[in-house]
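Asker: Sharing a structure, written as structure tokens. Questions coming.
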Amino acid sequence: MIPEKGLEMVRREADVEVWPDPLPPPHKALLQKVRGIDALLCLLTDKIDAPVMDAIGPQVKVISQMAVGFDNIDVAAATARGIPVGNTPGVLTDTTADFAWALLMAAARRVVESDKFTRAGKWKTWGPVDFLGPDVTGATLGIIGFGRIGQGMAKRAQGFDMRILYYSRNRYPEAEQKYGAQYADIDTLLSESDFVSLHTTLSPETHHFMNDARLKRMKSSGILINTARGPVVDPAALYRALASGTIAYAALDVTEPEPIKPDDPLLALENIILAPHIASASFQTRTRMATMAAENLIAGLKHERLPNCVNPEVYKK
Ligand code: DGY
């Protein structure tokens, strides 16, 4: 479901057909439904590939994604067809960083495990060595991917007097200054960080970036947080690392695949927190994402430049 405020905006400008099921349309249904439309508003659960674009037809004016990430869309295929693709950057930065921070805190201080323990009636006394976890204050945080959300983590970490390392394709001298963050090569970051938080986009270079070798470089007390995209972590390697004590804990908002399968071995582990891709799920942010997606869609329908376009090269043609 798309938040109503965004839909309302689109309804004022166009005839709208909304996929009625809470589950995403199967690809075959998508191919049929999109025929002849002028604009598509999609979610990150919809695979928008070249066959979908061809099924829509050459009259299509815009593809508007209600998310900042767009790895579900074949942007090169859209660009080749002259279709502008919109996304929703900026608005979810703080909300997502808040949730990544919540996962970091919850993993360190074993919030989910202790909640289950209490509900199960296992709380018999105050145990001096029960549910111990590492301090967050003063620890070292390694941030992989130092765009808006990665920097949002650094901002939060400053308040906890943390040493902040980051690894990224680009250097960010201003942010280094602002947050007291230090650029590190990946091996240094992994081996010196108490917490490693992932904030990269998903691309062929970052697919299974956290593999056996990189997980082994982390401290055995290390905690891995992923609010980026599931496939940035190799799930089989993560299982091996958590089950063998190569790392201590993980907290994931995103998995590979999504949703995680009910028989996924990760679900049987105690030292992992799994959330269903909700990092941007605040009332305000989801509404704003919907209205931004609507703004992109409406601009496209009017042959105007999208306020947030991921392939501006389409305007140079
Ligand atoms: C995004 O926008 O890419 C997030 O994963 C969902 O908010």
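The values are calculated or read from the model by the stated rules, or taken from the named source; none is laboratory data. Keep in mind the model is a prediction, meaning the values are calculated, not measured. Cβ sites come from the backbone with ideal geometry, for glycine too, and all protein chains shown count toward neighbours. We work out accessible area using only protein heavy atoms, side chains counted, and drop any ligands, DNA or RNA first. Shrake-Rupley method; radii C 1.70, N 1.55, O 1.52, S 1.80 Å.
Asker: Among all the aspartates and glutamates, which ones have a C-alpha under 18 Å from LYS28's C-alpha, if same-chain residues fewer than 8 places away are not counted?
Answerer: GLU17, ASP46, ASP49, ASP54, ASP74
Asker: Ok, one more. For LYS5, list the lysines whose Cα falls under 26 Å from its own Cα; do not include residues on the same chain fewer than 8 positions away.
Answerer: LYS33, LYS47, LYS61, LYS302
Asker: Based on DSSP loop calls and a cut-off of at most 14 other Cβ atoms within 10 Å, the longest stretch of the chain free of exposed chymotrypsin sites (Phe, Trp or Tyr not before Pro) is what?
Answerer: The reported range is 132-317.
Asker: ILE273: net charge of surrounding residues, Cβ under 13 Å, Lys/Arg +1, Asp/Glu -1, itself excluded?
Answerer: On the way: positive: ARG109, ARG110, LYS116; negative: GLU113, ASP115, ASP253, GLU270.
After counting each charged neighbour, the total is -1.
Asker: With n ≥ 4 as the cut-off for DSSP H runs, can you work out [θ] at 222 nm for the chain, using -39500 (n - 2.57) per run divided by the number of residues, rounded to the nearest 500? Don't skip to the answer; put the middle values down first.
Answerer: Working: 12 runs with 113 residues, N = 317.
Roughly -10000 deg cm²/dmol at 222 nm, from the helical runs in the chain.
Asker: May I ask you to list the trypsin sites (Lys or Arg not before Pro) in the stretch 1-64 that are in a DSSP loop and have at most 12 other Cβ atoms within 10 Å of their Cβ?
Answerer: Taking the stretch 1-64 and a limit of 12 other Cβ atoms within 10 Å, the loop trypsin sites (Lys or Arg not before Pro) found are ARG12, ARG35.
Asker: Turning to a different aspect of this structure: Using a Gaussian network model of the chain with C-alpha springs under 10 Å, which one of PRO265, PRO204, PRO84 is most mobile by mean-square fluctuation?
Answerer: PRO204
Asker: A further question on this structure: Give the carbon-plus-sulfur fraction of the accessible surface of the stretch 153-203 in %, rounded to a whole number; probe 1.4 Å, heavy atoms of protein chains only. Present the calculation step by step, with values, prior to reporting the outcome.
Answerer: Working: 1150 of 2630 Å².
Using a 1.4 Å probe with all protein chains present, the stretch 153-203 comes out at 44 percent carbon and sulfur.
Asker: On the accessible surface of the stretch 211-317, probed at 1.4 Å, how many percent belong to carbon and sulfur atoms?
Answerer: Summing carbon and sulfur atoms, their accessible area is 55 percent of the total for the stretch 211-317.
Asker: What number comes out for accessible area per residue over the chain if the probe is 1.4 Å? Units Å², please.
Answerer: 51
Asker: Same structure again: For the stretch 150-195, take the convex hull of the Cα atoms, compute a quarter of its surface area, and give me that in nm², please.
Answerer: Values: hull surface 12.1 nm².
In nm², the orientation-averaged hull projection of the stretch 150-195 is 3.0.
Asker: Output needed: percent of Cα pairs per 20 Å distance bin for the chain, bins running from 0 to the one holding the longest distance.
Answerer: Final binned percentages: 30, 53, 16, 1.
Asker: Can I ask one more? Using a cut-off of 18 Å between alpha-carbon atoms, which lysines can reach LYS155, once sequence neighbours fewer than 8 places away in the same chain are excluded?
Answerer: Within the straight-line cut-off, LYS155 pairs with LYS178.
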